[in-house]
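See structure below.
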Amino acid sequence: GRARRLLLSQLFQPHNLQSEAGTDGKAGEPTCRSQKLMLQAGLIHPSSPGCYSYMPPTVRAMEKLIKVMDEKMQAVGGQKLNMPILSSAELWRASGRWHQMGPELFRLSDRHGKGYCLGPTHEEVVTELVAAQCNLSYKQLPLRLYQVTRKFRDEPKPRFGLLRSREFYMKDMYTFDASEEAAQQTYDLVCDAYCSLFDCLGLPFVKVRAATGSIGGTMSHEFQLPADIGEDRLVLCPDGHFAANVETLSGEQTSCPTCGEKLTQTRGIEVGHTFYLGTKYSSVSNAVFYSPQNKPQLAQMGCYGLGVSRILAASIEVLSTEDSIRWPSLIAPYQLCFIPPKRGSKEEEEEGATLLEQVYDDLTEALPHLTGDSVLDDRTQLTIGKRLKDANKLGYPYVVIAGKRVCEDPPVFEVWNQNAGEVLFLTKEGVIEVLSKVQV
């Protein structure tokens, strides 16, 4: 049994690639590149202010991104769990954040009049969970617990599509260590894992000193993608000795404290945030472990967030052109688009479509990991040029075309490597060899 071919006409991705408006904002509202491109490409659909339906290709990209995150988190001893989105007001009152968070919290009551919020973050919940393990030993530490889940924040002005929305996906890790020194090692380890993740995705990030804000703690760093529409103002040493969010600086700092070079200013999109919490939350819930002397001690905590949906949008924001999406190749929803000849063309009459389908089938047999990653653009009423233009806008890393040279003996196919901007002319065997290097 051959793998079923994935036909473009059957994908639920209602694109409007000709649209110039391509915006769900009201007239005069600011939009950004990623928002326009994602709306035009049928990747997201606005539901209500700051809330979107994610279309199937977007979910595919997100699942690929989460897979990379899982690998990075599990490599540093992360254990994945899942905590409720609905969080008791009592927990938040105990930590003082029920009032501190103000109108950002989505609050609700159940039928018995008990208060809840929709979790924007899970420090209270996870600390109570660990505190409930009454015989936790130092031998079980460090504990590094993480989840990937929806979060909610009542943004006063949601904007820029998935970059600032009310409902979003996040990877959040919470760590519990036996000492400040061990917690600092965990902090460095997770920060290194974040750097490795952004390197894997090929994203131009900077790690900057940051304020601790409503989460609290004594040390914090943000991972930022420099971008004109970023909401954070950053200062950077050109030689990489110093980087900070301007909100952490007292007064105007214009030169690097290490080398004295003039600091440059830029704007950034925050895609990750790390905090060293100490005992801020463990002291409230009494999250203790037993030392070698069998004495109860408060766990030293850290928390670490990555914006999953925000990384998707921010990567499109920084990698794409004005009218064409470019994905980090590892997380593109589909790696390959096959374009057969136009209906009624000479190439079709010469069996071009059959030859291309043969390449599709042979490729999925030779490279089974690409089976679900190949799309056949079966809209043969359109010219090859029109479909190639669409494929370029949708950001498939590779496009394989049965063009004029498909009639040669042996048949030659055009292979467009979109991210490298190059075109190769290859036989079927050549196509398979080039694509065997594609990572999914």
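The values are calculated or read from the model by the stated rules, or taken from the named source; none is laboratory data. None of these values were measured; they are calculated from a predicted model. Here the Cβ is made from the backbone with ideal geometry for all residues, glycine too, and neighbour counts use every protein chain on show. Just the protein is used for accessible areas: all its heavy atoms, side chains included, with ligands, DNA and RNA removed. Shrake-Rupley method; radii C 1.70, N 1.55, O 1.52, S 1.80 Å.
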Share of accessible surface on carbon and sulfur in the stretch 33-319, whole %, 1.4 Å probe and ligands ignored, is 49
Which lysines, on any chain, are close to residue 151 with Cα under 17 Å apart, when same-chain ones fewer than 8 places away are left out? 80, 171
How much accessible area per residue does the stretch 334-436 have, counting only protein heavy atoms and a probe of 1.4 Å, in square angstrom? 43
Net charge within 12 Å of residue 146 by Cβ-Cβ distance, Lys/Arg positive one each and Asp/Glu negative one each, not counting residue 146 itself? +2
How large a share of the accessible area of the stretch 334-436, in percent, is made up of carbon and sulfur atoms when the probe is 1.4 Å and the other protein chains stay in place? 51
Flagged as over-length at 29 Å C-alpha distance, from 72/139; 36/346; 64/404, the pairs are 36/346; 64/404
Note, residue 355: beta-carbon cut-off 10 Å, +1 each Lys/Arg, -1 each Asp/Glu, net -3
Is the shape of the chain best called rounded, prolate or oblate, per the rule: a/c under 1.5 gives rounded, else a/b larger than b/c gives prolate, else oblate, with a ≥ b ≥ c the square roots of the Cα gyration tensor eigenvalues? prolate
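Apply 1/(1 + (r/R0)^6) to the Cβ-Cβ distance of residue 286 and residue 192, taking R0 = 45 Å, and write down the FRET efficiency to the nearest 0.05. Before the final figure, lay out the partial values.
Details: r = 31 Å, r/R0 = 0.70.
So, using R0 = 45 Å, E works out to roughly 0.90.
Among 387-400, 67-80, how do they line up by average Cβ neighbours within 10 Å per residue, starting with the highest? Provide the component values of the computation, followed by the final result.
Numbers: 387-400: 22.6, 67-80: 16.5.
Ranking the peptides 387-400, 67-80 by packing returns 387-400, 67-80.
Can you give the relative contact order of the chain as a percent, counting alpha carbon pairs under 8 Å and 6+ residues apart?
Values: 863 pairs, mean separation 68.5, N = 440.
It comes to 16 percent, rounded to a whole number.
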Virtual spin-label span in nm between residue 386 and residue 265, 7 Å along Cα→Cβ: 4.9
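How big is the dipole moment of the chain about its Cα centre under a simple scheme where the beta carbon of each Lys and Arg is +1, that of each Asp and Glu is -1, and everything else is neutral? Debye, nearest 20, please. Each step should come with its number before you reach the end.
On the way: 47 positive and 53 negative charges, 247 e Å.
For the chain, the charge dipole is close to 1180 debye.
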Please give the net charge around residue 240, taking every other residue with its beta carbon less than 13 angstrom from that of residue 240, where Lys and Arg add +1 and Asp and Glu add -1. -1
Among 398, 330, 13, whose Cα sits farthest toward the positive end of the charge dipole of the chain (+1 at Cβ of Lys/Arg, -1 at Cβ of Asp/Glu, about the Cα centre)? 13
Filtered hits (aspartates and glutamates, Cα-Cα < 16 Å from residue 262, offset >= 8 within chain) -> 239, 252
Just name one of 224, 98, 376: the one whose Cα is farthest towards the positive end of the charge dipole of the chain (beta-carbon charges, Lys/Arg +1, Asp/Glu -1). 98
Counting each DSSP H run of 4 or more residues in the chain as -39500 (n - 2.57), what helix-only mean residue ellipticity at 222 nm follows after dividing by all residues, to the nearest 500 deg cm²/dmol? -8500 deg cm²/dmol
